[in-house]
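Data block below; observations after.
The values are calculated or read from the model by the stated rules, or taken from the named source; none is laboratory data. The shown structure was predicted, so the numbers you read here are calculated from the model rather than taken from an experiment. All Cβ positions, glycine included, derive from the backbone under ideal geometry; neighbour counts span all protein chains shown. Each accessible area value is taken on the protein alone, full model and side chains, heavy atoms only, with ligands, DNA and RNA left out. Shrake-Rupley method; radii C 1.70, N 1.55, O 1.52, S 1.80 Å.
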Amino acid sequence: MKISKLLIFGLILLLPTLAVADSASEKEAEKLLDTMGMEQLLERSMDQMLRVQLQQNPGLVPFKEIIKTFLATYMSYDSLKPDLLKMYAAEFSASELKEINAFYATDVGKKTIQKMPTLMAKGGQIGSSRIQEHIGELQSAIEAESKRLQENTAK
């Protein structure tokens, strides 16, 4: 089901990290999330991704409210915030996070935050369209490999 595309965005945000974050980094990460307006960003991104999915797969329309409830439960800012803090703090030092916070306080940084959900949605549409345009090639290659494997197994 194409709902998996909707969840890919969320999964990317939650890729586990191995580094251990320090408390100064986590404090700066929290400031960054606030500066970025992460709560609103996540909400807008999820809404846009859901709209795209419903447009691309109208069969999901009857399940829209179920999907929204699921996303509100598992992809809400409150449920993701602890993991997001750890993720940013593990990937960036406190001083790096301070620099990022300074950038997002600029006009260009604010514009970046504002445009990010739209850019991500458009990027997702580009990727989805590209796959749909060439899905026949993938299907043919899989069929050919399947036949080859079956022939090798039969020998």
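Data for the structure
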| quantity | calculated |
| --- | --- |
| Of all residues making up segment 90-114, the number that are under 16 Å from Asp34 (Cα atoms), of a type in the set (A, V, I, L, M) and open to solvent by 80 Å² or more (accessible area, probe 1.4 Å) | 0 |
| Residues of segment 22-62 satisfying the condition of being open to solvent by less than 20 Å² (accessible area, probe 1.4 Å), over 19 Å from Lys110 (Cβ atoms) and not aliphatic (A, V, I, L, M) | Ser25, Gln53 |
| Subset of segment 114-142 [within 20 Å of Arg51 (Cβ to Cβ) and among the β-branched types (Val, Ile, Thr)] | Thr118, Ile126, Ile131 |
| Filtered residue count, segment 66-78, keeping only those that are aliphatic (A, V, I, L, M) and loosely packed, with under 14 Cβ neighbours inside 10 Å | 2 |
| Elements of type helices (runs of 4 or more DSSP H) in segment 61-155, at least 3 residues being hydroxyl-bearing (Ser, Thr, Tyr) and farther than 25 Å from Asp47 by Cβ | 107-154 |
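So that you can scan it fast, the table gives a plain yes or no per residue for (1) of a type outside the set (Asp, Glu); (2) surrounded by 14 or more Cβ atoms within 10 Å (Cβ to Cβ):
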{"residue": "Lys64", "(1), (2)": "yes, no"}
{"residue": "Asp83", "(1), (2)": "no, yes"}
{"residue": "Met116", "(1), (2)": "yes, yes"}
{"residue": "Ala121", "(1), (2)": "yes, yes"}
{"residue": "Ile131", "(1), (2)": "yes, no"}
{"residue": "Gly136", "(1), (2)": "yes, no"}
{"residue": "Lys155", "(1), (2)": "yes, no"}
